[in-house]
Every structure is written in C-alpha cells, then in structure tokens.
Ligand SMILES: O=C(O)Cn1ncc2ncnc(NCCc3cnc(NC(=O)Nc4cccc(Cl)c4)s3)c21
C-alpha cells in the first residue's frame, strides 16, 4: 500500500514570503510549498534559544500533542524540520492573523461575534480535555483567525510551555485562574475560568481584573473583584455566563457542555463557527 513514511521536509521545499510576526523564540513567515503550491506559516526557532532557555522537552511535547490534535478550531502543525542552527515548524496559515488585532481595532466585539468565538473555544477545549490536554494559557495573542474569520487556538506551548511562561516570563496574569496564580494543583477547570475572562474581554475590550501592577491583578483575581461597566451595553445573559465561569471554587464553574447550552450562546453563537 501507499508508503506512509513521514516525508522529510527541508527549506528547499518552500518559497518564503512576508514575515507575519516576531515571537519570543523566532519569527513566523508565510511560505508556499513548491510542489503543492500550498500556503503555510513557517515558524523559525533558533536552536541556541532552545539551548539557552533549556526548553527542548517542551518543544518535543508540543509537537507530540499538536500532531495528535485534529480540530477545526485548533491550528494544525503539519510537521517540522531543522538545519544546523534553526528548527522550522510547518503550521496552518491563519490568513486573518491575531484575534488580538481585531479586538484592539474594534475596541470590543459584538455579542454575536463574542458568542461565536466562545463557542468555538469551548468546542476546541472539550476536544482537548477529551485528549487529556489542559491548555492553561489561552489569551487573545494565542488566538488566530483563518480566511473565513474562524477562530484557531495557536499556542501549542500548552501546559508545559505555559508553565515555564508563568515562572520565567513576566507575561500577564490577567488570564490565569486563582489556583494557577496561587500555584496550587489545578485541573481542567482552569480553562473554564479563562473562557470567562475572554468572554468579558471580547465584550468590554479589556480583561476584568486588569490593574496597574501584577500584584494588584493578583489581588483582584483572588478576590474575584468583578464589575460590569455601564458601557458598552452588554446583555444580562452574557453577564450571567461570565458570572457562572469566574467562580473561585473551580468545582462550581460552568462545565464546557453547559456553556454550549447556555441561553446566551444558543441565542448568539453562529453554529458554523
Ligand atoms: O505569526 C504571528 O505572529 C501570527 N500569525 N499570523 C498568521 C499566522 N498563521 C499561522 N501561525 C501564526 N503564528 C504562529 C503561531 C504559532 C503556532 N504554534 C507555535 N508554536 C511555537 O511557537 N512553539 C514554540 C516555539 C518556541 C519554543 C517552544 Cl518550546 C515552542 S507559534 C500566524
């Protein structure tokens, strides 16, 4: 039968296009695979960076997880290759880029848009949890949009990468659940908390516990110091969903299944994702 051996890719299989963005460990370019003319995103990671931050097993774990995940709302990792100084990730190309930019441009999203993205995220997370993968690091920067504006979770660092991010990077605490911020043992419910944070941010344009300093954000998260501004006007259904997710006790947070059955999602989410 057809030889199923993994194809060995190399740089000469691709024509490199414009740079898409600059990550901490390397840049991302649009690229075209020469034989198929297929457009991909190529992420370059410098080996000396991997050495310097000692994140080999993290990258390996990301690839193991990523090659086993197939979901319309999770950005595909098609494969990888390396030369003597760089590792190349061959990624699905998200034509409309970072959701973050859309959010910053529009200030906040419509309730239909927000509900559609929350439903897509919930479906993707339900799929991940089925595969025993906890994301723990979902934030607008890790969410991309394909050519039809469909949401794609992109940060394959997943649990391992986000763990080190929390310790080593000064990245924002805004999206972390109390038990993560307290560095307590945590389970899948951390992603449910993050869905509440994102839902708030999609509708109001900023995360709910934003503060001048990290320690103030920390205090606001621990107290679940949540308030709803009077503008932009947001429906009671949307506020109800946020209140059912931003609950200190992780066992009391609305389950992923219940989120998909929530009136606000049923009323507003576009079922074609
Ligand atoms: O380029 C942009 O800024 C935005 N952009 N715009 C369109 C677009 N289409 C596809 N991908 C994009 N960006 C790459 C998204 C990633 C997916 N997976 C990653 N994995 C990773 O970086 N892993 C990793 C790196 C270094 C160390 C370790 Cl331990 C792990 S990055 C796109």
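The values are calculated or read from the model by the stated rules, or taken from the named source; none is laboratory data. Because the structure is predicted, anything quoted here is derived from the model rather than measured. As a convention, Cβ positions derive from the backbone with ideal geometry for all residues, glycine included, and neighbour counts pool all protein chains shown.
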Revision key, fill the gap. Note on residue 17: of the conditions (1) away from the ligand (no atom under 14 Å from the Cβ); (2) surrounded by fewer than 18 Cβ atoms within 10 Å (Cβ to Cβ); (3) over 17 Å from the mean Cα position of the chain (by Cα); (4) modelled with pLDDT of 90 or more, unmet is (1)
Check your understanding: Of all strands (runs of 3 or more DSSP E) completely enclosed by the stretch 21-120, which ones contain at least 3 residues that are within 15 Å of the ligand (Cβ to nearest atom) and surrounded by fewer than 18 Cβ atoms within 10 Å (Cβ to Cβ)?
Key -> 27-33, 77-82
Revision key, fill the gap. Taking the stretch 204-240 and the residues there that are touching a residue at least 40 places away in the same chain (Cβ under 8 Å) and assigned to a loop (DSSP other than H, G, I, E, B), the one that is surrounded by the fewest Cβ atoms within 10 Å (Cβ to Cβ) would be 232
Review point. Within the stretch 48-61, is there a residue that is closer than 28 Å to residue 119 by Cα and under 17 Å from the mean Cα position of the chain (by Cα)?
Key: yes
Review point. So which of 147, 167 is within 14 Å of the ligand (Cβ to nearest atom), at pLDDT below 80 and more than 17 Å from the chain's Cα centre (by Cα)?
Key: 167
Review point. Within the stretch 127-137, can one find any residue that is surrounded by 16 or more Cβ atoms within 10 Å (Cβ to Cβ), assigned to a helix (DSSP H, G or I), at pLDDT 90 or above and more than 10 Å from the ligand (Cβ to nearest atom)?
Key: yes
